[in-house]
Amino acid sequence: MQWEFEVGVILLTLLILTILKKSNKKIYRRFGLAFLAVILFEYFTHPLWINTNLQPWAYLYLDVSWIITLCWVNLILVSMAIVEYIAPKYRRYRELKKFLLTMVLITISGLYLEWLFLRLEVRQYPEVIKEYLDATFRIGNVIPIIEILYIPTFMALIIGFVRYWELTLDSANSENKKQVRRKKK
Amino acid sequence: MIWLLLFEVFTITFTIGLWIFMKNKGYKNITRKFLILFFSVLLFEFMSEPMWLNDGFQKWAYIWQDITWIITLGWVGIFMFTFLIVDYTFRKTPEKKKFWIYLLFLEAIVVPIEAGLVISGIRSYAPILANTLSGYFIPLTNVPIEAVYAVPLFTSLIICFYKYANYLFDRR
């Protein structure tokens, strides 16, 4: 594969950021947090995957690729934006429902993304992991159940990281504003 | 294996001790906090399970493949102890700064424990992980140098998930 996949992902990221900027003024902060969380996770679990057939400039360290990271980040940003768009309908348990709905969306779209990575041959599994997946129960004889569990597990940690920092930074900002107002008085 | 028995007894006693201490001190929703923390650690252990080998435990100690609830409980104890100490010592420090203190504190606790587990043979690294290590070790230990930056990587994800999950329950 040539450079089309990498350039396509970069352009798609720019497009998503441009569109989402209209509804979320802090989208760049969310993008940065999601990127950091996914890269932390990918770095930690990199022995479990092989990211291959990408341009040399697409790799950060060993086979950890920032292009693959961007794909996951895009998925997270879009899923969170969709849920936030429909969230005002929820009056009670708003944050909990948003989280659960985001997880459902990400799990479904994440399975497709993983399938796409495998089809494009940018993702492969080491032999040990293949044996591991083969040994587990498959839904409809196709999708290993372990993969259906992996994506929400991975994403629960990522969404937790993003939302924790968003809430912490927002509360720090509002605290700073209060202090400034008090000083002015 | 005497090391393993000592480890099991210490882990269970320490975590139950922490729970009782918090109960007596009037902390709120303690059981919920312990369960969320247990679940947070379990999520990460589930994801990274093929990379570690936890050997020698009794059959009843294993939850799934190499994951043992004894090690998970040990992590719960370490995290909760860290939260208690840091939250008490740095009461007035803003949350965003306290996060970095949690990481430093965890780093200082976890590296010696990991060294102890590796020496005692309880913990070892699967070939899939061992093949990617640089071969350098933390001085005076047999812990790979990679642990120095791997510990803050995974603990930061667990801390955030734990804090966020608690926030979700508090806001119900």
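A few remarks follow.
- Exclusive hit being aromatic (Phe, Trp, Tyr), without any contact (Cβ under 8 Å) to a residue 60 or more places away in the chain and assigned to a helix (DSSP H, G or I), set B:Phe83, B:Phe99, B:Phe79, B:Phe154: B:Phe83
- Test: residue in region B:36-56 that is in a helix (DSSP H, G or I), free of Cβ contacts under 8 Å to residues at least 60 places away in the same chain and more than 16 Å from the chain's Cα centre (by Cα): no
- Scan of region A:152-163 for residues that are more than 7 Å from chain B (Cβ to nearest Cβ) and either under 10 Å from the mean Cα position of the chain (by Cα) or small (Gly, Ala, Ser) (or both), ordered by number: A:Met155, A:Ile158, A:Ile159, A:Val162
- One residue stands out in region B:27-51 among those that are of a type in the set (Phe, Trp, Tyr) and surrounded by fewer than 17 Cβ atoms within 10 Å (Cβ to Cβ): the one that is farthest from B:Cys160 (Cα to Cα), namely B:Tyr27.
- Extreme residue, surrounded by the most Cβ atoms within 10 Å (Cβ to Cβ), among residues of region B:122-163 that are more than 15 Å from B:Phe79 (Cα to Cα) and within 7 Å of chain A (Cβ to nearest Cβ): B:Leu129
- Residues of region A:28-48 classified as at the interface with chain B (Cβ under 7 Å from one of its Cβ atoms) and β-branched (Val, Ile, Thr), total: 1
- Against the test of being under 30 Å from B:Tyr167 (Cα atoms), modelled with pLDDT of 85 or more and more than 14 Å from chain B (Cβ to nearest Cβ), the options A:Leu100, A:Leu111, A:Leu96 yield a single qualifying residue, A:Leu111.
- Test: residue in region A:141-151 that is within 11 Å of chain B (Cβ to nearest Cβ), touching a helix residue (DSSP H, G or I) at 6+ places or on another chain (Cβ under 8 Å) and closer than 23 Å to B:Phe169 by Cβ: yes
- Considering region B:57-76, and only residues there that are touching a residue at least 24 places away in the same chain (Cβ under 8 Å) and of a type outside the set (Phe, Trp, Tyr), the residue that is nearest to A:Trp49 (Cα to Cα) turns out to be B:Ile67.
The values are calculated or read from the model by the stated rules, or taken from the named source; none is laboratory data. Not measured: the values here are computed from a predicted model. All Cβ positions, even for glycine, are placed from backbone atoms using ideal geometry, and neighbour counts span all protein chains on display.
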